[in-house]
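Worksheet: one structure, shown below.
Values quoted throughout were computed directly from the atomic coordinates according to the rules given, and no laboratory measurement underlies them. The structure presented is a predicted model; accordingly, all values stated were derived computationally and were not measured. A quick note on method: Cβ atoms are made from the backbone with ideal geometry, for glycine too, and the neighbour counts reach across all protein chains shown.
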Amino acid sequence: MGKVVDIDEKDLKNGVLGLVVALVEIIKEALRLQAVRRMEGGSLTEPEIERLGEALMDLDAAIEKIKMEMGIAESVKAVRDGLDSVVDDVLDTMLNPERWVRQAQEVR
Amino acid sequence: MGQSNEGQGQSRAGTVTASEQVGRYVCCIAPAGGEANLGAIGIEGHEVYTVVHNGLCAVVHDCPAEPYQSDDVEVTTAWVLAHHGVVDAAWRRWGTVLPLTFNTIIAATEKSAEENLAAWLEAEYESLKGRLDALAGKAEYGVQVTWDPAIVARKIAETSPEIKKLEAEIGSQPRGLAYMYRQKLERSLRKETEAKGAEEFKDLYSRISRCVDNIHVEKPKEIEGERQMLMNLSCLVSKERCPGLEAELNKVSEMEGYSTRLVGPLPPYSFC
């Protein structure tokens, strides 16, 4: 065997777990948004809303527990901040074409 | 800058080589000033001097006839800082300058770089003079307004009837329902805060634009913590209007949850 790539096992575990939990959080938020929209739209009965609310609360608690036990709150935040700034840049370019053109000219 | 980025000419074809200082690096253009030497403040310590032609004054230093390029960030940072230092020095000296883009180099062709520079100043006279006149007596200022959305949201929650009603409902509900209604409340609060932000932006923009000569909206920067940058502007301001701008910004800072920052005067990089 040649040279082994040196990866810190703990770092790798934190990174992958952070990514997974960040994705779970994002899915949870999408679910919650859908739930609130349906509630607002009046298509849910009160017992259904109660059940949905409880399920989402349990999910919140479970995610927080995992983050705490695994010590990955930081790496989850880093993944989400990174995604946020990518989305920000894309949106900014679409919403402000004039500034984008000007900046491109300045770079030239 | 149109024709400012001259090519590399025939420096390699002729007898001269890139290592000789056959190019002229142009940092900025100043209005009619005398011949002057600004000292060894150019890129890599080159002597900076002026080339006066036809009532325009190019602030230049000798350089190789090819662009400054490096993969080393520290090296390029030092170059850009030197470029800025020259523009700044010229700006302090003459009051008005037209900063040129980094790496604006006039190379020698069959003519010398000096002759090409004079020809360029001649050809671009109207455009350069017009832009210099438009900048006379003016400086660039960075204006940043930040706010704390939590403070603003709290104020909205205190006054919005819809949100008050939601809050009252939540208190008496079982926990699943309370959670869902809390989500709904936060969503409306967030929407109202965003709407307030957009409204404030328009209001502040019109207040500030009344105090300045020209304005560019830049991308807000990320800041640490809870605060957010509501607006990030580059403003072109004449000297006599500056106190008015400061007074307006002071008024904004007095609003709860808001703060402002004024950076400048700077050479008019965003308006040339």
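Taking a point 7 Å from the Cα of B:E194 along the Cα-to-Cβ direction, the residues of region B:136-172 with backbone N closer than 18 Å to it are B:147-154, B:156-157, B:163. Summarised as an ellipsoid, region A:15-107 has semi-axes of 34, 23, 6 Å, derived from the eigenvalues of the Cα gyration tensor scaled by 5 and square-rooted, with the largest first.
Assuming charge only on the beta carbon of Lys and Arg (+1) and of Asp and Glu (-1), the dipole of region B:2-135 about its Cα centre is about 340 debye to the nearest 20. Helix B:149-159 and the longest principal axis of the Cα set of chain B meet at an angle near 30°. Here chain B is scanned for GluC sites (Glu not before Pro) in DSSP loops (not H, G, I, E, B) that have at most 11 other Cβ atoms within 10 Å, and the longest stretch holding none of them is B:111-221.
Calculate the length of the line joining the C-alpha centroid of region B:34-89 to that of region B:213-238, in whole Å. What the calculation gives is 29 Å, centre to centre. Listed by chain and number, the lysines whose alpha-carbon sits under 28 Å from that of B:K164, ignoring those within fewer than 8 places in the same chain, are A:K28, B:K155, B:K184, B:K191, B:K196, B:K202. Residue exposure proxy: A:T45, B:T146, ordered by other Cβ atoms within 10 angstrom of their Cβ from fewest to most, comes out as A:T45, B:T146.
Can you compute the FRET efficiency between B:R175 and B:Q69 using 1/(1 + (r/R0)^6), with r the Cβ-Cβ distance and R0 = 56 Å? Round to the nearest 0.05. Before the final figure, lay out the partial values.
Numbers: r = 63 Å, r/R0 = 1.13.
After rounding to 0.05, the efficiency reads 0.30.
Against chain B, whose longest principal axis is taken from its Cα atoms, helix B:73-94 shows a tilt of about 80°.
Any chance you could give the angle, 0 to 90 degrees and rounded to 10, that helix B:175-209 forms with the longest Cα principal axis of chain B? Between helix and principal axis, roughly 40 degrees. Computed from the C-beta positions of B:H53 and B:R154 and an R0 of 45 Å, the FRET efficiency is 0.15 to the nearest 0.05. Note on A:I26/B:M229: beta-carbon distance plugged into 1/(1 + (r/R0)^6) with R0 of 25 Å gives a FRET efficiency of 0.55. Take the Cα of A:L33, step 7 Å toward its Cβ, do the same at B:A136, and the gap between the two points is 5.4 nm.
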